[in-house]
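What follows is calculated from the coordinates using simple rules that are stated; it is not laboratory data. What you are looking at is a predicted structure, and each value in this text was computed from that prediction instead of being measured. Don't worry about glycine lacking a Cβ; one is built from the backbone with ideal geometry, like all the others, and counts go over all protein chains shown.
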Amino acid sequence: MIVLLGLLATAANPATAAQPEPAAASAVTTEWELWLPPSGKPVNAVFVAPRWGDGANMVGIIQTKLGEELGIATMLTHEDKLTFKEDHFIPSIAKTLTAAASDRNHPELAHAPLLLWSHSNAAAYVQRSLQEFPERIVAYCLFKSAFGHNNDLGTGTAGEIPEYGYKSPVSKDDELKTMSKAATEVFGQSIWDMNDRINSPGYNQDHERNVMLKNMADARKQGALVHVTLVRGTHHMIDGQQELMLAFFKTAMAMRIPPGADPAKGPVKLIGGLEERGLIQNAATKAVQSYADHPAGANRRGGWWLPAREYAVLWNGYALNAKGTVVGPAK
């Protein structure tokens, strides 16, 4: 069902979700729409996305494909605007879920682990989330973020001001150039479309792609469990990457949420220390190898990190930057 805390609005995917219920009187006013799996079973994770760009479409995909199967609730911003620039936006996620835990008799919502997704300029909000509550985030996807500095995860260039005038809404302070240990444990994926055509005056896709690749590589060098997926879609929206994103989030939940975890009893301690269980794309050959089979030393953080063999095989079929066979199971 759709739960609107303090607001009434339409469902993210009216064709697949129930109509909104009246707002609870005791709920705080919020800009979020909260959808719960119709079964009423406990929620294992909450998928959070700004409506900006294709957010409503992706939320509908999660509801239809994984919501009931994996017990995933969704949160979608009520309005399509850059609300993530406002200071209250990131704290409002936890506040909304805490209110919903009581109002909707789902106490697990107050501490349920989070899956983050953002499209285009909204990618910047993931960075702030990683800085404020990384210990609660299972995984995130930066989808066709367009501007490379929106892929900065606390490593350097969020404050870049291109000639065509756009500046990341995320402030950059020196102390944020190093990612926290908790932030490096979060599974991260950036999908970049080689065919994207952004209508900003003077937009230089080659420059932005290089900035994105540098930022993600800098995060990887700090031990962040991230990878970039270069695709050749048809436009700036979701156009064929659904299954890859679904597989990524499903894999992340299986690896990071402890069996039997019960967020109704308090914060879930997500599983960390998973770098050696993943696979590495060899920076020289581009082949994907198990961590144990990859050359030791700095090279292991010089290539993209992928969470599991089954996912790596799928990625190898999607990504323009993938090449060769996937070698051996993850250790």
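So if R0 is 41 Å, what FRET efficiency would S200 and T325 give, r being the distance between their Cβ atoms, rounded to the nearest 0.05?
E between S200 and T325, to the nearest 0.05, is 0.55.
Using a Förster radius of 22 Å, what is the FRET efficiency between E310 and D239 based on their Cβ-Cβ separation? Nearest 0.05, please.
With a Förster radius of 22 Å, E is 0.40.
Rounded to whole Å and sorted largest first, what semi-axes of the equivalent ellipsoid does the C-alpha gyration tensor of the range 276-331 yield via the square root of 5 times each eigenvalue?
Equivalent ellipsoid semi-axes, largest first: 16, 13, 8 Å.
Quick check: residue separation of T178 and T98 times 0.36 nm, minus the Cα distance between them. What number comes out in nm?
That works out to 25.8 nm of additional length.
Treat the count of other C-beta atoms within 10 Å as a stand-in for reagent exposure and order H106, H78 from fewest to most.
In increasing order of surrounding Cβ atoms, one gets H78, H106.
Between the range 183-255 and the range 261-281, how many Å separate their Cα centres?
Each part's Cα centre sits 22 Å from the other's.
Under 1.5 on a/c is rounded, so check that first for the range 219-331, then, if it is not, pick prolate when a/b is larger than b/c and oblate when it is not; a ≥ b ≥ c are the square roots of the alpha carbon gyration tensor eigenvalues.
Here the range 219-331 falls in the oblate category.
Hey, fewest Cβ within 10 Å first, where do T325, T74 land in order?
Ascending number of Cβ neighbours within 10 Å: T325, T74.
Just subtract the alpha-carbon distance of E275 and N105 from 0.36 nm times their residue separation and send over the number in nm, one decimal.
Length gained between E275 and N105: 57.5 nm.
Where does each of H227, H111, H119 land when they are ranked from fewest to most other beta-carbon atoms within 10 angstrom?
Ranked by crowding around the Cβ, least crowded first: H111, H119, H227.
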